[in-house]
Structures are given as structure tokens and as C-alpha cells.
Amino acid sequence: MKEYISATKEKIKQVVDLFYQQKNQEGYQELIKVIDSLSEIIALMEKEQSNLELVEKNNKLLYSLNNVTDAMINKDTVLQADILNYEITDILDEIAEIIK
């Protein structure tokens, strides 16, 4: 799962760069891939219900994804990029630390 998290972080970096460069259409196309990857990670973590730390990170990740969705509704690509770059990437790092 660590490799998957690492690959997802690379995808996030691409989306963030595209949104910061105001290449929104390309950013949204790549964002779909990021959301798919994050959905996979969430599904994998949901199988680990016995690990309360992972359950907490899963909830944190879902909360941040809801914030991305709100920013998307408001067409605020900079806010989306910030949430992806600062919140979601950090949560993925925390998850990677737990699963060593």
C-alpha cells in the first residue's frame, strides 16, 4: 500500500501544479485519477477496522475530501490545490507511517 500512497502523492502533485498554473481543465482530468486512487486507499483502510489509528486517518481523509468537493462546487481551484497539497498529502504521509 505504501507504493500506492506514493503514486497517489505524485498524482496529487501534478493536479496541484496544474491548478496553480490555472490549467483547470487538465487539472480536473487528473483530479479524477487522484480521487480514484484515494477511493482505493479508503477502501483498503476500511478493511482495517481493528486499527483505530487507521480508522481515525480514514475519517480525516474523508473530511478533507469533502472540503475538496465543496471547493469544487465553488469553482475554487486554488483552495482545492491547497487542500490536496497540505491536508491530503499530510494525511497520506501519516497513513504510510502507520502501515510501515
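Here the spin labels are modelled as points 7 Å beyond Cα on the Cα-Cβ line, and at GLU94 and ASN51 they lie 1.4 nm apart.
In summary, the lysines within cross-link reach of LYS23, defined as a Cα separation below 26 angstrom excluding same-chain residues under 8 places away, comprise LYS9, LYS11, LYS13, LYS33, LYS75.
Entry note, the chain: relative contact order of 37 percent, from Cα contacts under 8 Å with a spacing of 6+ residues. Calculated translational diffusion coefficient of the chain (37 °C, 0.692 mPa s; Stokes-Einstein with Kirkwood radius over alpha-carbon pairs) equals 243 µm²/s. Between the residues VAL34, LEU84, ASN51, the greatest Cα displacement towards the positive end of the dipole of the chain, with unit charges on the Cβ of Lys, Arg, Asp and Glu, is found for VAL34. The distance between label points at LEU44 and ILE73 comes to 3.0 nm (points 7 Å beyond Cα on the Cα→Cβ vector). In whole angstrom, how far apart do the alpha carbon centroids of region 74-100 and region 1-49 sit? Computed from Cα coordinates, the inter-centre distance equals 9 Å.
None of the figures in this text is laboratory data; all of them are computed from the coordinates on show. Since we're looking at a predicted model, the values are computed, not measured. All Cβ positions, glycine included, derive from the backbone under ideal geometry; neighbour counts span all protein chains shown.
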